[in-house]
1. Provide the gained length on full extension for the span Leu131 to Ala119, in nm with one decimal, where the gain is 0.36 nm per separating residue minus the Cα-Cα distance.
2. Once the Cβ-Cβ distance between Val169 and Trp204 is put in as r, and R0 is 30 Å, what FRET efficiency do you end up with, to the nearest 0.05?
3. Given a Förster distance of 45 angstrom, what is the FRET efficiency for Trp153 paired with Val46, based on the Cβ-Cβ distance and rounded to 0.05?
4. Which loop trypsin sites (Lys or Arg not before Pro) in the range 115-208, with loop taken from DSSP, have no more than 15 other Cβ atoms within 10 angstrom of their Cβ?
5. So what J values fall out for the range 31-41 if you push phi through Karplus, 6.51 cos²θ - 1.76 cosθ + 1.60 with θ = phi - 60°, rounded to Hz, Gly and Pro as x?
6. In square nanometres, what is the average projected area of the Cα convex hull of the range 119-201?
7. Could you order peptides 163-175, 92-104 by the average number of other Cβ atoms within 10 Å of their residues, highest first?
8. Extending each Cα 7 Å along its Cβ direction at Glu182 and Ser6, get the distance between those two points in nm, one decimal.
Amino acid sequence: MTAAGSVGALSSYLAGAGLGASLIVAIGAQNAFVLRQGLKRRYVGVVVSICAIIDVLLIALGGVGGMGARLARAFSPRRDPLGRWAGAVFVFLYGLRALLAAWRGPGHLNASDSESQTAIGAASTVLALSLLNPHVYLDTVVLLGGIGAQRGWPGNAWFAAGAMCSSVVWFTALGHGARLLEPWFEKDMSWRVLDVIVGCVMWWIATSLIFAR
């Protein structure tokens with residue numbers, strides 16, 4: 001690879017990493033669930049791996065052969081009412097669960113409590129939170145794929161690689177780094193605040209899906 005090619009590749013990689021990070025870091029269903037699992041130290045590796053793999057696959061799908069631009073209509077919430085409503089209902093119920101947990105108070109919210117959860121349950125929840133939200137496809141397949149496709153080959157591949165790396169690093173840091181916040185979450189009120197925030201975010205996402213235009 002020539003010097004000019006190396007500079008172009010690095011520029012595309014950093015652009016993809018920057019845009020990917022700006023989309024992934026925003027508070028959403030995935031991040032809220034990963035944070036909670038990290039604080040509880042339950043199946044963190046499983047949850048982080050699923051989130052990262054989903055993002056990597058969707059980014060790759062959007063960046064190959066201009067697929068992102070061609071799928072823009074198919075993944076539009078306005079043109080997919082069934083998927084929009086399915087996602088809205090699931091996210092609303094998850095938000096309701098979080099708000100009920102905050103209302104019930106101490107006894108449910110300790111990171112080391114005995115709340116039953118299986119690896120399959122954790123995996124199913126994170127899959128649903130990820131795949132039932134049309135905005136996930138809009139961000140990864142349409143937006144990242146469409147912008148990356150404008151760079152042509154091999155710029156689009158480097159752009160996608162940068163976005164993929166941002167996703168993997170973010171979910172890994174969020175899931176495994178959540179334990180650093182554990183001293184703060186030894187207080188019951190901290191768990192109440194987290195659950196209220198999660199519930200409100202989930203309901204905001206559900207509302208945005210219902211009224212998407």
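1. 2.5 nm
2. Once the sixth-power term is evaluated, E becomes 0.70.
3. In this case the efficiency is close to 0.85.
4. Numbers: sites: Arg151, Arg179, Lys187, Arg192; in loops: Arg151, Lys187.
Loop-located and lightly packed - Lys187.
5. 4, 4, 5, 4, 4, 5, 5, x, 5, 7, 6
6. Convex hull of Cα atoms, orientation-averaged projection: 7.2 nm².
7. The most tightly packed comes first, giving 163-175, 92-104.
8. My value for the distance between the label points is 4.4 nm.
Rule-based calculations on the coordinates, nothing more; no lab input. Please read these numbers as outputs of a predicted model, since none were measured by experiment. As a convention, Cβ positions derive from the backbone with ideal geometry for all residues, glycine included, and neighbour counts pool all protein chains shown.
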